[in-house]
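The values are calculated or read from the model by the stated rules, or taken from the named source; none is laboratory data. Everything quoted here is computed from the prediction, not taken from an experiment. Cβ sites come from the backbone with ideal geometry, for glycine too, and all protein chains shown count toward neighbours. For accessibility, only protein heavy atoms count, side chains too; no ligands or nucleic acids. Shrake-Rupley method; radii C 1.70, N 1.55, O 1.52, S 1.80 Å.
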Amino acid sequence: MTVSSAIVGQPGFLPGPGGDRFILSFSPRAAPVGRLILLQPFAEEANKSRRMLSECARAAAGSGWQVLLGDVFGTGDSAGDFADADWDAWLADVVRFCEAAPGNTPLVLCGVRFGALLAAGALQRGLTADAVMLINPVISGKMALTQFLRLGAAGELGADASARIDTRGLRERLDRGETVEIAGYGLSPALAAGMEATEFDLFGGASRLGWIEIGSVAGGDLAPAAARTVEKLSAKGADIQTEALVGPAFWQTQEIETVAGLPAALVSMLGRLTSGAAA
């Protein structure tokens, strides 16, 4: 049995406005070499990703990291309804998760998909971290919102696949202060506005980035869109480590899937990102 396979996440709750936030803590067997905060994807993608994130958390803890995986307000096992969530509350939860892993070892935020925007928003609000790791990140909140609204508009069309998908009606309802129902999730105007206003960029809180891209083509290269974003961030002064893996898009597959090489790649990148960081 490997060290990581013997590590089990310890459930707990953190107090917060509106009720407790659920967390899973994965602790190493010795003094931690660093602190890793895993930030989950959005809506149904989070449910699809839980198994993969737990495997990554165990691998990181087995390599000496203190890992925390939390549910922001209105999601998972945390208090509240998704329809009552707003962007500011979610960013406050990111800070809350970081504070639940105290110490002076390096702090790394790992944003999976939509979690990248949560990391960016928290850094923009003043949170500091030694590094940020991204796994197939969503880098445009405006685009993420549009895609989610398109899902809702398509659902309203039902079986009429030939009809034109138009999100204007949903946006108008949000503008009027209404919460709209999309794929079983109530999207509030406050959450939609916060999402739409957030883009992933460099902030004073962190300049060392790790980017792991999972795709279907072997060769070790990032997808063209990801490569262009990395180039732009590098031009702004970011120190970026990248890695491309072949595997399923586990956050959106019909069945629960995992990427066998992701836990080891995550642990390796953590080491590269924090090499030389002050303890």
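Sorted from longest to shortest, the spans of the Cα atoms of region 197-263 along the three principal axes equal 39, 29, 21 Å. Taken along its principal axes, the alpha carbon cloud of region 72-142 reaches lengths of 35, 27, 20 Å, longest axis first.
Can you give the accessible area of GLU45 in Å² (nearest 10), computed on protein heavy atoms with a 1.4 Å probe? About 40 Å², rounded to the nearest 10. Only beta bridges with both residues in the chain are counted; by DSSP, about 35 percent of them are antiparallel. Quick check: from the Cα gyration tensor, does region 1-72 come out rounded (a/c under 1.5), prolate or oblate? Note, shape of region 1-72 comes out oblate.
Each part gets one Cα centre, and for region 55-92 versus region 173-233 those centres are 17 Å apart.
Expressed as a whole percent, the accessible surface of the chain that belongs to carbon and sulfur atoms is 51, based on a 1.4 Å probe. If you add up the charges near THR258, with Lys and Arg at +1 and Asp and Glu at -1, over every other residue whose beta carbon is less than 14 angstrom from its beta carbon, what do you get? Within the 14 Å Cβ shell, the charges total +1. Placing dummy labels 7 Å off each Cα toward the beta-carbon, the span from ALA193 to ARG168 is 2.3 nm.
Helix 44-62 axis versus longest C-alpha principal axis of the chain: approximately 0°, rounded to the nearest ten.
Which number comes out as Rg/Rh for region 29-126 once both Rg and the Kirkwood Rh are worked out on C-alpha atoms?
Reported Rg/Rh (Cα atoms, Kirkwood Rh): 0.96.
Taking amide hydrogens as placed 1.01 Å from N in the peptide plane, the amide H of ALA131 sits under 5 Å from those of LEU107, LEU109, each at least 5 positions away in sequence or on another chain.
Taking every Cα-Cα distance in region 38-77 and sorting them into 10 Å bins from zero, the calculated P(r) comes out as 29, 52, 18, 1 percent.
Comparing GLU243, GLU255, GLU231 in a Gaussian network model of the chain, where Cα atoms under 10 Å apart are tied by springs, the biggest mean-square fluctuation is seen for GLU255.
Which value in deg cm²/dmol, rounded to the nearest 500, describes the helix-derived mean residue ellipticity at 222 nm for the chain, given -39,500 (n - 2.57) per DSSP H run of n ≥ 4 and division by the residue count?
After summing the helix terms and dividing by the residues of the chain, the value is -11500 deg cm²/dmol.
Comparing VAL95, ALA197, VAL33 along the charge dipole axis of the chain, the residue lying farthest to the positive side is VAL33, per the Cβ-charge model. The slack in the chain from GLN124 to ARG228, taken as 0.36 nm per residue of separation less the alpha-carbon distance, amounts to 35.2 nm.
Highest mean first, the peptides 125-137, 168-180 sorted by other C-beta atoms within 10 Å per residue fall in the order 125-137, 168-180. Surface exposure of region 7-143, expressed per residue as accessible area with a 1.4 Å probe, stands at 35 Å². Subtracting the Cα-Cα distance of ASP221 and ARG272 from 0.36 nm times their residue separation leaves 16.5 nm of extension gain.
Which whole number in µm²/s is D for the chain by Stokes-Einstein, with the Kirkwood Rh taken over Cα pairs at 20 °C and 1.002 mPa s?
This corresponds to a translational diffusion coefficient of 111 µm²/s.
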